[in-house]
Amino acid sequence: MKKVELHRHLVVDHPAAFNPDLARSLICLAQLLAELDCHEKGLQTIKEAVKTSRQLAADRPTAFNPQLALSLGNVSLRLANIGPMLAIEKTVYKAVELYRQLAAERPVEFNPNLAMSFV
């Protein structure tokens, strides 16, 4: 949690430099919260990661679409514990679509992620 807070402070003055680190820290924190059965907090955290990753991917899709796809996949996992099925399906669909695009461009790197997104 301290790492996330540190990145939040750094983003205030240097968003371009530290938003990628903030998004990655949020993804890690969400996974930790899920392991601790803190599902609501984990869902809030991964949604923040998705928001940050979406902003990054809008500016630099080649660099940040993989992180966005990962974040969307994590949202579906968090929703599986507490959310409605329709929200899960929509989120998984978005992740799958991103992984399809990534796998079309770089199949060796992203075909495994695409395959896992259907699980």
At R0 = 22 Å the Cβ-Cβ FRET efficiency linking Asp21 and Gln44, nearest 0.05, sits at 0.70
Under the definition of Cα pairs under 8 Å and six or more residues apart, what whole-number percent is the relative contact order of the range 1-67?
27 percent
What share of all Cα pairs of the chain, in percent, falls into each consecutive 5 Å distance bin?
2, 13, 21, 22, 21, 13, 8, 1
Residue-ordered couplings for the range 36-41, obtained by feeding phi - 60° into the Karplus form 6.51 cos²θ - 1.76 cosθ + 1.60 and rounding to whole Hz (Gly and Pro as x), are 8, 6, 9, 5, 4, 5
What list of ³J(HN,Hα) couplings, whole Hz, do you get for the range 7-22 from phi and the Karplus terms 6.51, -1.76, 1.60, once you set θ to phi - 60° and write x for glycine and proline?
5, 4, 5, 5, 5, 4, 8, 9, x, 5, 7, 10, 4, x, 5, 4
The range 41-69 scanned against label point 7 Å out from Glu97 along Cα→C-beta; backbone N under 19 Å for 47, 50-69
Whole-Hz ³J(HN,Hα) for each residue in the range 56-62, computed from phi via Karplus 6.51 cos²θ - 1.76 cosθ + 1.60 with θ = phi - 60°, x for glycine and proline: what do you get?
5, 5, 5, 7, 9, x, 4
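Here, each number is a calculation from the coordinates, and none is a lab measurement. Remember, it's a predicted structure, so these values are computed and weren't measured experimentally. Glycine also receives a Cβ, built like all others from the backbone with ideal geometry; neighbour counts cover every protein chain displayed.
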